[in-house]
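The values are calculated or read from the model by the stated rules, or taken from the named source; none is laboratory data. Because the structure is predicted, anything quoted here is derived from the model rather than measured. With ideal geometry, Cβ positions are generated from the backbone for all residues, glycine too; neighbour counts draw on all protein chains shown. These accessible areas exclude ligands, DNA and RNA; they are computed on the full protein's heavy atoms, side chains included. Shrake-Rupley method; radii C 1.70, N 1.55, O 1.52, S 1.80 Å.
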Amino acid sequence: MQARIVIEYCPLCRWMLRAAWLAQELLSTFEQDLNEVALRPSGKGTFKVYLNDQQIWCRVADAGFPEAKELKQRVRDILDPERDLGHIDRARQVQADSSTQE
């Protein structure tokens with residue numbers, strides 16, 4: 001089963017372009033894994049991201065907007081935790097290597 005992502009955004013706050021940019025980033029990275037990325041206008045101040053109805057980002061709870069890198073990592077951690085995201089994961093690999101050396 002392929003995954004579905006929904007990005008809820010506030011149209012009054014003019015966050016549609018940010019939502020569309022993140023949708024493009026996710027589609028570029030996970031094109032084989034995603035069935036759909038939907039943009040959903042929502043209430044005032046809302047910016048949330050759902051993966052298969054599970055909330056993975058909330059502007060309020062996560063204290064701001066997601067960077068593409070962090071959002072991709074959260075999606076990957078659910079869809080395919082063993083997947084390497086290339087340069088995005090380099091800091092993660094260096095950190096893991098240093099912790100095993102201690």
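Accessible surface of the chain, 1.4 Å probe: 48 percent of it comes from carbon and sulfur atoms. Membrane-span-like helices in the chain, defined purely by DSSP H runs whose alpha carbon atoms cover 15 Å or more axially and whose average Kyte-Doolittle hydropathy reaches 0.0, are 16-29. For region 49-91 and region 1-38, compute the distance between their C-alpha centroids and round to whole Å. When both Cα centres are located, 12 Å separates them.
Roughly how many Å² is the accessible area per residue of region 30-76, as a whole number, for a 1.4 Å probe? Present the calculation step by step, with values, prior to reporting the outcome.
Values: 2580 Å² over 47 residues.
Result: 55 Å² of accessible area for each residue.
Relative contact order of the chain, taken over Cα pairs closer than 8 Å and 6 or more residues apart, is 27 percent.
Restrict the search to region 46-78; then list the chymotrypsin sites (Phe, Trp or Tyr not before Pro) that DSSP places in a loop and that have at most 12 other Cβ atoms within 10 Å of their Cβ. List each step's numbers first, then the result.
Values: sites: F47, Y50, W57; in loops: none.
Those that pass, being in a loop and sparsely packed, number zero.
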